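K.L.:
Dropping the structure in here first, questions after.
The values are calculated or read from the model by the stated rules, or taken from the named source; none is laboratory data. Note that this is a predicted model, so its numbers are computed, not measured. Cβ sites come from the backbone with ideal geometry, for glycine too, and all protein chains shown count toward neighbours. Surface accessibility is based on the protein's heavy atoms, side chains included, excluding ligands, DNA and RNA. Shrake-Rupley method; radii C 1.70, N 1.55, O 1.52, S 1.80 Å.
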Protein chains: 2
Amino acid sequence: MIIKHKSNPIIKPGDVKPSIEGYKVLGAFNPGAINFGDEIVLLLRVSEGCKTREGYIRTPVCRFENGMSYPDIVELKSSDPEVILKDTRSIAYKGQEYLSTISHIRLARSKDGINFNVEDKPFIYPADETEKYGVEDARVIFIDGKYYINYTAVSEDSWATALAITEDFKSIERKGLIFYPENKDVAIFPEKVKGKYIALHRPNNSRFGKPSIWYSESPDLLHWGNHKCIVRPRDNKWESQRIGAGAPPIRTFDGWLVIYHGRGDNNVYSLFCLLLDLEEPSRVVRRASTPLLAPTEPYETEGFFPNVVFSNGIAEKDGKIYVYYGASDDSVNVVITDINSLLGSF
Amino acid sequence: MIIKHKSNPIIKPGDVKPSIEGYKVLGAFNPGAINFGDEIVLLLRVSEGCKTREGYIRTPVCRFENGMSYPDIVELKSSDPEVILKDTRSIAYKGQEYLSTISHIRLARSKDGINFNVEDKPFIYPADETEKYGVEDARVIFIDGKYYINYTAVSEDSWATALAITEDFKSIERKGLIFYPENKDVAIFPEKVKGKYIALHRPNNSRFGKPSIWYSESPDLLHWGNHKCIVRPRDNKWESQRIGAGAPPIRTFDGWLVIYHGRGDNNVYSLFCLLLDLEEPSRVVRRASTPLLAPTEPYETEGFFPNVVFSNGIAEKDGKIYVYYGASDDSVNVVITDINSLLGSF
């Protein structure tokens, strides 16, 4: 049985301190998750906009100067005819595009997996032009003493996936773009299979096909090849538009367990279980025909971008599986379950 | 001085035998090129449609059975209300999409670089579902006794780039997809730089930015990483829409010489020179401000897809540079020049 935790949402925008005075936290969601010491660490996606000011449109920007970066605000007069509101998410002004929100990655720590302390400062903040429009949706794995974090880097060249390494969740070393645009939803396996690192990823499709889950191999986590499309959207109401992998896959006796998301009719996001072959992870063993989790609760059906459940972080604790998920691009939530329940849910 | 050869077009669709009875060769264009023995070998893109039949719409398809593949024809009644002509290039029927043409790669050989013998049979023909809609625009390099060929593989999952190896231009060994969708215009450098293979490639942009030239590194030609966007379209009439690399770059004393294409206003394609740093090929040294070559002659301004010049193959012979280029998705043409003229053209 999959039960949404009674304390949901466990982290809300109001629990997060803005990066600077004048910013407003609009979402704390889509967390990566990992065990670190005796804690569970979440890598929250924190999206921020600006506090309003009468007669002005204010938009957050990242400034890059002398190798340093910092958050700032662009203020435009609402009456300026050159200000064009493209949709709720972006503004065009004199050939420049601004987003109404920019995301960074913030850490939150917990001993029980439910009650989290959110840090005051960003952990991964846009560092250069390749991350100009924000860093989003971190996934994290632990290999040989190091934590490998991949995240979506958004820029004027569209969205791609970057890799960074930390050993202490204090400093990070950036390793650049490992998947070029347009690509997101990268889930790297936590161990090699037959001598190779494996990742699932999600290229974009603009003409043929629909955004699907792809498989790739790497000798070193930096260079990726042998790309294969392995799971495509199905013609049902939950997956009619696109699908993408979630948290790093979990090794079970039956296969690699993946929880993926589908965007279906009316832009509703749901979560599904998928099982990949242990030795040949490009081979699908089992695929759930109905969602594991769909938006039903008010915190899932209302909010910044309603009717979205999206998971990119899972942790284990005392034999239980903590599936963290973002709801409505707004809050962090959790389902506590176990491997047998997940394997039995197909 | 860049002079289009007086014998242009040097290969026309009529010079190419169809793959099967019932097909019609519509284009022989965009050739890869390489020196092989005392010959120049072109890897032609041959596009084929079907001969017409009154009252029917006929479309070429690749059949895959028992590990073999072969060309075939689908015939639909024009009067069938379920047949939908989407544009001149594709047909929809009962949820299935068909292209009006499918491309394969055909060899042509020449001792003088001008007069070519086109082989009767395809050299690279779609082998599986990842190439279902055709193989296009080959580039070829020679490293340590082997010829590495990359080409665009088009399928229901969109367009991507595949790698194959040959030693004799008779048999090929396929190495799978090296760049996932949507990606084309992959130009691999003919030697390592600082111990790494280098490629230029061209991801697609559907929302932010315009299709641009990206840089990547690889330890083995199979796995690619460290992706960087290095050259973007400029706001001029020749490059307003998109750009992409052409043939494998040529090492010169001044840097790596690249001839790239730009698609500008009214979908006109032109060719430009670009120079990349010898030691740091992600660094642009020089970029031409006007085209090296633009469509002006009747064979470039008329044809299957008019006003296109597109180069993906260059060969050297007796100190001269033979820049082969496709015109109007129709024919093969050549400019004979030399390195100094190209370097002096900026």
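K.L.:
Counting every Cα pair in the range A:94-225, what percent are over 24 Å apart?
P.N.:
Tail fraction, whole percent: 35.
K.L.:
Stokes-Einstein D for the range B:19-110 at 10 °C, 1.306 mPa s, Kirkwood Rh over Cα pairs, in µm²/s?
P.N.:
My calculation gives 107 µm²/s for D.
K.L.:
Would you look at the GNM of chain B, springs on alpha carbons closer than 10 Å, and say which of B:LYS196, B:LYS184, B:LYS86 moves the most?
P.N.:
For chain B, modelled as a Gaussian network with Cα springs under 10 Å, the answer is B:LYS86.
K.L.:
Taking only Cα atoms of the protein assembly as shown, what ratio of Rg to Rh do you get with Rh as the Kirkwood inverse-distance radius?
P.N.:
0.99
K.L.:
Above 29 Å lies some portion of the pair distances; for the range A:3-343, what is it as a whole percent of all C-alpha pairs?
P.N.:
Value for the range A:3-343: 36 percent of Cα pairs lie more than 29 Å apart.
K.L.:
Please list A:ARG242, A:ARG207 in order of solvent-accessible area, largest first, computed with a 1.4 Å probe with all protein chains present.
P.N.:
Per-residue accessible area, sorted high to low, gives A:ARG207, A:ARG242.
K.L.:
Something else now. Of the heavy-atom accessible surface of the protein assembly as shown (probe 1.4 angstrom), what whole percent is carbon and sulfur?
P.N.:
The value for the protein assembly as shown is 47 percent carbon and sulfur by accessible area.
K.L.:
Taking the radius of gyration and the Kirkwood hydrodynamic radius from Cα positions alone, what is the Rg/Rh ratio for the range B:237-342, to two decimal places?
P.N.:
Across the range B:237-342, the Cα-based Rg/Rh ratio is 0.97.
K.L.:
Hey, another quick one. Run the 1.4 Å probe and let me know the accessible area of B:GLU239, rounded to the nearest 10 Å².
P.N.:
Answer for B:GLU239: close to 0 Å² accessible.
K.L.:
Over the heavy atoms of A:TYR269, what accessible area does a 1.4 Å probe trace out, to the nearest 10 Å²?
P.N.:
30 Å²
K.L.:
Taking the label point as lying 7 angstrom from Cα along the Cα-to-Cβ axis, what are the distances from B:LYS192 to the corresponding position in the remaining copies, in ascending order and in nanometres?
P.N.:
1.9
K.L.:
What FRET efficiency, computed as 1/(1 + (r/R0)^6) with R0 = 25 Å and r the Cβ-Cβ distance, is obtained for B:THR301 and B:LYS170, rounded to the nearest 0.05?
P.N.:
The formula returns an efficiency of 0.10 here.
K.L.:
Using a 1.4 Å probe, how large is the accessible area of A:TYR133, given in Å² and rounded to the nearest 10?
P.N.:
10 Å²
K.L.:
Turning to a different aspect of this structure: Taking only the Cα atoms of the range B:1-65, how large is their convex hull per residue, in Å³?
P.N.:
Hull volume over Cα atoms, normalised by residue count, gives 163 Å³.
K.L.:
Then there's this: Can you give me the C-alpha center-to-center distance between the range B:132-167 and the range A:131-203, rounded to a whole angstrom?
P.N.:
If you average the Cα positions of each part, the centres end up 28 Å apart.
K.L.:
Between B:GLU156, B:GLU48, B:GLU131, find the one with the highest GNM mean-square fluctuation for chain B; connect C-alpha pairs within less than 10 Å.
P.N.:
B:GLU156
K.L.:
Note down the nm distance, to one decimal, between modelled labels 7 Å out along Cα→Cβ at B:GLU75 and at A:ARG232.
P.N.:
For the pair B:GLU75/A:ARG232, the computed spacing is 2.8 nm.
K.L.:
In addition: Starting from the residue with the highest accessible area, list B:SER282, B:SER331, B:SER78 in decreasing order, probe 1.4 Å.
P.N.:
These residues rank, largest area first, as B:SER78, B:SER282, B:SER331.
K.L.:
Follow-up. Give me the 1.4 Å probe accessible area per residue for chain B, excluding ligands and nucleic acids, in Å².
P.N.:
For chain B, the solvent-accessible area averages 41 Å² per residue.
K.L.:
I need the calculated FRET efficiency for the pair A:ILE3 and B:LYS192, taking r as the beta carbon distance and R₀ as 45 Å, to the nearest 0.05.
P.N.:
Efficiency computed from Cβ-Cβ geometry: 0.20.
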